[in-house]
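In what follows, a single structure is set out as structure tokens and then discussed.
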Amino acid sequence: MAETTQTYEPGTHPDLPPPLATTGALGWIKKNLFGSPSSIALTVISVYLLYLILPNALNWALFDAVFNAGSRAECRELGSGACWGLANVRFSQFIYGFYPEHLRWRVNLTAVLFFLAILPILWDRTPYRQQWFIYSALFPIIGYFLLVGGLGLEPVETTKIGGFTLNVVIGVTGIVASLPLGILLALGRRSQMPIVRTLCVMFIEFIRGVPLITLLFVASTMLNYFLPPGTTFDLILRVLIMVTIFSAAYIAEVVRGGLQAIPKGQYEAADAMGLRYWQSMRLIVLPQALKISIPGIVNTFVGLFKDTTLVVIIGLVDVLGVGRAALSDAKWQGLAWEVYVFIAILFFICCFSMARYSLYLENKLHTGHKR
Amino acid sequence: MSDAAAAQLSISDEVAIQIIGMHKWYGEFHVLKDINLTVNRGERIVICGPSGSGKSTMIRCINRLEEHQKGKIVVDEIELTNDLKNIAEIRREVGMVFQHFNLFPHLTVLENCTLAPIWVRKMPKAEAEEIGMQYLEKVKIPEQAGKYPGQLSGGQQQRVAIARSLCMNPRIMLFDEPTSALDPEMISEVLDVMVSLAESGMTMLCVTHEMGFARKVANRVIFMDGGEIIEENEPEEFFNNPQSARTQLFLSQILHH
């Protein structure tokens, strides 16, 4: 009571703590869960739904699940939940496909080197970033020889690359190659030169207008008719090219949206200063356009990464292919749930990471010019 | 008057810009008709006229933000043609300030100033930053160097835009309605900078409706309407004794409201 009646001389009012239950955990709960009648109703309904779903889901996935078993029959004796024994036994196949067992360290090493290569690109406070970029630029060559062999390393047929490794190889290559290609296509589509513009429009509209599956079929079968007889052109390489151009067409349209959002005055200011076309694109226009396009670009990349599972249709054994093979094994028949949930988790981890990174990037690039 | 007298002295006989019989069309629309204008080095010219009269278009032709279809424009003894090398050379020597500032929002104030010196003049970064700070001091906002344009007021942004142009050490400055997008209390801080720039002897072409500025700084005022130069005179004569009826009407509209 004394607190509310207390008065102060003008200019001497101290900072008082806020009233109870407006800040901290209690304040958050009050504001977000019980803020209004409809909010209370939603909270109650949500809690009820969680009560219905969560116990069964957790029992199936964890508490009644069997983690070590040699077959489905053994699983059923040990518990009534999920049979993760399958994922356990076949784990290395899910990850590496049919990559020779004694060489799988090379896949692991490539993965480690890959993370080191993208570190300076993703994180701008990497020490010695400039020098590190040189390594990042060299990584594709290093990665290629590590995975495929050559230069004294035992060669591995590319068809042996499989499992989740294959998805990651196709996904990462597609992402890295399609971004610059997509940017060039977007710039080309806005070019003043009619021939460049027409070519870019035709390319984008054609590639975007056909399903990826048909492009993959073209890659796996028809390309042999077009190429001179006797040329060997690696199947995975063909798939990589198709996935890249497919994704580039989408990126081009996303980036074009970003380019169109840049006010004309920015181009004019750059021109008036005497910057050349490529300078003004690189220094002024693209940094702003790409920033606006981040959600769309990442959206395309997430889609591309998941679409890598389509290669199973042209006979490559990616993680989905391994899953199907596992399901046709007499010992494990009927475990579709476990297989697909496991594959879903693998993809979710990767795609969710991309989404979070894009949010981080958007926040970092926010320079206070939005009002 | 002493201002004007001092200014008279600094105008040289050397020609900075010469426009001869220039025409421009937007598609079918004839937007500039037979423009003839000679600007000597050190002149400060104010261009006024109703909206749509072609005044912005005319000064934008001088650095090739707009292309003219007929006639001849010579800037610093270089003729503007489709030759990209000429255009680049002219743009290096001609600074421009826009109505909407057009600062680069993703760069800091100082980076806005150093960008062109570094990439166009190939100046070392440290030197460009030193010059950038000098000009930011000149427009009286050195303390904002590390901020982004979005964090500044309109008047501050326009002063940064002026400093950014000056960093290229241009021989000619074009102003395209530099105060039209500003709140009234910010106009004078920008005009002050422009006045001190005029006093330093810069060749200036300003599209503006600030008649006080025209009286104080300009040595010539040009009135345009319908894509033509209607009248051209010294400021005192222009304001006190306008010749054409169209000019009289325009002046009565902007001066008595």
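Within region B:120-134, restricting attention to residues that are within 14 Å of chain A (Cβ to nearest Cβ) and open to solvent by less than 80 Å² (accessible area, probe 1.4 Å), which residue is nearest to A:S280 (Cα to Cα)? Result: B:V120.
Is it true that B:G54 is farther than 30 Å from B:D183 by Cβ, touching an Asp or Glu at 6+ places or on another chain (Cβ under 9 Å) and among the small types (G, A, S)?
Here the answer is no, as B:G54 does not meet what is asked.
Which residues, taken from region A:93-138, are closer than 30 Å to A:L359 by Cα, open to solvent by 40 Å² or more (accessible area, probe 1.4 Å) and not in a helix (DSSP H, G or I)? Result: A:W123, A:D124, A:R125, A:P127, A:Y128.
Tally up the residues in region B:80-91 that are of a type outside the set (V, I, T) and buried (at least 19 other Cβ atoms within 10 Å of the Cβ), please. Residues in region B:80-91 being of a type outside the set (V, I, T) and buried (at least 19 other Cβ atoms within 10 Å of the Cβ): 2 in total. Scanning region A:65-92 for residues being open to solvent by 60 Å² or more (accessible area, probe 1.4 Å), over 29 Å from the mean Cα position of the chain (by Cα) and over 15 Å from A:W337 (Cα atoms) gives a total of 5.
Which helices (runs of 4 or more DSSP H) does region B:33-143 wholly contain that include 1 or more residues that are among the hydroxyl-bearing types (S, T, Y) and within 30 Å of B:S252 (Cα to Cα)?
On the way: elements: B:55-62, B:84-93, B:109-119, B:125-138.
Where helices (runs of 4 or more DSSP H) fall fully within region B:33-143 and carry at least 1 residues being among the hydroxyl-bearing types (S, T, Y) and within 30 Å of B:S252 (Cα to Cα), they are B:55-62.
Of A:A261, A:A330, all but one fail to be aliphatic (A, V, I, L, M), out of contact with any Leu (no Cβ under 6 Å at 6 or more places or on another chain) and more than 14 Å from chain B (Cβ to nearest Cβ); the exception is A:A330.
Only one of the listed residues (A:V312, A:V322) is touching a helix residue (DSSP H, G or I) at 6+ places or on another chain (Cβ under 7 Å), closer than 30 Å to A:R76 by Cβ and surrounded by fewer than 22 Cβ atoms within 10 Å (Cβ to Cβ). That residue is A:V312. Annotation: B:Q158 fulfils all but one of (1) assigned to a loop (DSSP other than H, G, I, E, B); (2) under 21 Å from A:L275 (Cα atoms); (3) not β-branched (V, I, T); the unmet one is (1). The set of residues in region B:177-215 that are open to solvent by 50 Å² or more (accessible area, probe 1.4 Å) and touching a strand residue (DSSP E or B) at 6+ places or on another chain (Cβ under 7 Å) contains only B:H209.
Looking across region A:109-135, just one residue is at pLDDT 90 or above and of a type in the set (S, T, N, Q), and that is A:T110. Would you pick out the residues in region A:273-285 that are at the interface with another protein chain (Cβ under 10 Å from one of its Cβ atoms) and crowded, with 18+ Cβ neighbours inside 10 Å? Matches in region A:273-285: A:M273, A:G274, A:L275, A:S280, A:L283, A:I284, A:V285. For region A:144-156, state whether one or more residues are open to solvent by less than 80 Å² (accessible area, probe 1.4 Å) and within 30 Å of A:E253 (Cα to Cα). Within region A:144-156, none of the residues are open to solvent by less than 80 Å² (accessible area, probe 1.4 Å) and within 30 Å of A:E253 (Cα to Cα).
The values are calculated or read from the model by the stated rules, or taken from the named source; none is laboratory data. For clarity, every value in this text was computed on a predicted model and none was experimentally measured. For neighbour counting, all protein chains shown are included, and Cβ atoms are generated from backbone atoms with ideal geometry for every residue, glycine included. Please note that ligands, DNA and RNA were not included when accessible areas were found on the heavy atoms of the full protein model with its side chains. Shrake-Rupley method; radii C 1.70, N 1.55, O 1.52, S 1.80 Å.
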